[in-house]
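Colleague: Dropping the structure in here first, questions after.
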Amino acid sequence: MQRYRTMTGHKRRRASALLLCVAASLATAGSGTAGAGERQPIVVAHRGGPAMAPENTLAAFENAARLGVGILEFDMNLTADDRIVLHHDTTVNPALCKADPSSGVAAGPIRQLTLRQTRAFDCGSSRSPAYPDQKPAPGARMPTLDQFLQTFRGRDVLFFGETKMPRQPAGAPIDPVRFVALIEARVRRYGLEDRFILQSSDYRTLDAMHAINPRIRTCLLRVDRFKPDFMALAKDHHAACLVARAQDTDAAQVRQLRATGVMVFADVADSEALWRDYLGLGVDAILTNDPAALIAFLKRDAAGE
């Protein structure tokens, strides 16, 4: 078993600074003293950053952490034996994950597969055609949530995990309260309650987390279904943040949300044009598949280039 990686004093201070940045973002929003140009958004490595490494693999998250991103974003699915694995789709994506031919396992709904069966899939050898610079990670398996949190708990990052709920459940139905209870137990096991944000478009899981452990923050996805009253939506679900597309909000609404203590994260963006749009909106964080490019862009922007 891999030993926990402990933080050096420098890394511990940087992680604390990141947490303070999130807290200060809310505090300055409430005071109305922070303008869009006075701060830069936190970089969120969407699925770990597939532009550089296969999505939702430990290799991708390691690369993102090494780049210095503030938040690792990932997706959580529940197996047939109630283990949590990281994979975007609720069904194994055969374009990204190939089963060992000798395993007798075929791609299918994750809820119908045991953890052992998910281990038959190599999710790191197939390069995505959408990302020509992606470096394969041969043999990479779907990490369990335990593996992921254990590996990165000592790194100076926050964790942004999404519950994936099948629209038409295959296998045993997923009880959102049970799913969240399993997540909460693992977050608490690694002492990450203040560094973990649960996100979902299925708000039952967010409500469940607030009921089980309100210390763990939650974030609303697909808010476009309820526009324009995002403030009431956040209040109804006790959400600390929401993820919004540029076309679904404006700078005035972002300021209003932040003034009430609700952070606004930009939806996934991979171009400078979109990054500039989100800077203009004054968002707290930007999700991206290409964290290296976004970090470089923000450095140039801060330098006035």
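The values are calculated or read from the model by the stated rules, or taken from the named source; none is laboratory data. Since this is a predicted model, take the numbers as computed values, not measurements. Every residue, glycine among them, receives a Cβ derived from its backbone with ideal geometry; neighbour counts consider all protein chains shown. In case anyone asks, the SASA skips ligands and DNA or RNA and just uses the protein heavy atoms, side chains included. Shrake-Rupley method; radii C 1.70, N 1.55, O 1.52, S 1.80 Å.
Colleague: How long are the three semi-axes of the equivalent ellipsoid of region 28-142, in whole Å, if each is the root of 5 times an eigenvalue of the C-alpha gyration tensor, listed from largest down?
Modeller: Gyration-tensor ellipsoid for region 28-142: 33, 17, 10 Å.
Colleague: Could I have the simple spin-label model distance between THR91 and MET231, label points 7 Å from Cα toward Cβ, reported in nm to one decimal?
Modeller: 4.3
Colleague: What is the extension gain from ARG116 to ALA130, computed as 0.36 nm multiplied by their sequence separation minus the C-alpha to C-alpha distance, in nm to one decimal?
Modeller: Contour length minus the Cα-Cα distance gives 2.1 nm.
Colleague: What span do the alpha-carbon atoms of the chain cover on each of the three principal axes, reported in whole Å from largest to smallest?
Modeller: 60, 41, 39
Colleague: Could you give the nm distance between label points at ALA181 and ASP224, where each point is 7 Å from its Cα heading toward the beta carbon?
Modeller: Spacing of the two 7 Å Cα→Cβ label points: 3.6 nm.
Colleague: I'd like the accessible area for ARG204: 1.4 Å probe, protein heavy atoms, all chains in place, Å² to the nearest 10.
Modeller: The accessible area comes out at roughly 130 Å².
Colleague: Which of ASN93, ASN56, ASN289 moves most in a GNM of the chain, Cα contacts under 10 Å?
Modeller: Of ASN93, ASN56, ASN289, the most mobile in the Gaussian network model is ASN93.
Colleague: I've got another one for you. For the pair HIS238 and GLU193, what calculated FRET efficiency results from E = 1/(1 + (r/R0)^6), where r is the Cβ-Cβ distance and R0 = 22 Å, to the nearest 0.05?
Modeller: The pair GLU193/HIS238 has a calculated efficiency of 0.90.
Colleague: Also, quick follow-up: For GLN40 and ARG215, FRET efficiency with R0 = 25 Å and r from the beta-carbon atoms, rounded to 0.05?
Modeller: 0.35
Colleague: Using a 10 angstrom cutoff on alpha carbons, build the Gaussian network for the chain and name the most mobile of GLY261, GLY49, GLY171.
Modeller: GLY171
Colleague: A further question follows. Per residue of the chain, what 222 nm ellipticity follows from adding -39500 (n - 2.57) for every DSSP H run with n ≥ 4, rounded to the nearest 500?
Modeller: Rounded to the nearest 500, it is -10500 deg cm²/dmol.
Colleague: Shifting gears a bit: What number comes out for accessible area per residue over the chain if the probe is 1.4 Å? Units Å², please.
Modeller: Result: 44 Å² of accessible area for each residue.
Colleague: I need the per residue convex hull volume for region 233-305, using only the alpha carbons, in cubic angstrom as a whole number. Spell out each step's value before the answer.
Modeller: Details: hull volume 6.6 nm³, N = 73.
Normalising the Cα hull of region 233-305 by residue number yields 90 Å³.
Colleague: Over all distinct alpha-carbon pairs, what is the Kirkwood Rh of region 128-264 in angstrom?
Modeller: Over region 128-264, the inverse of the mean reciprocal pair distance is 16.7 Å.
Colleague: Give the separation of the Cα centroids, region 123-187 to region 239-305, in Å.
Modeller: Cα centroid to Cα centroid, the span is 24 Å.
Colleague: Quick one: if you stick a label point 7 Å off each Cα along the C-beta vector at LYS98 and ALA303, how many nm between them?
Modeller: About 4.1 nm, to one decimal.
Colleague: Would you look at the GNM of the chain, springs on alpha carbons closer than 10 Å, and say which of ARG155, ARG178, ARG225 moves the most?
Modeller: ARG225
Colleague: Hey, another quick one. Rounded to the nearest percent, how much of the accessible area of region 168-305 (1.4 Å probe, protein heavy atoms only) is carbon and sulfur?
Modeller: 50
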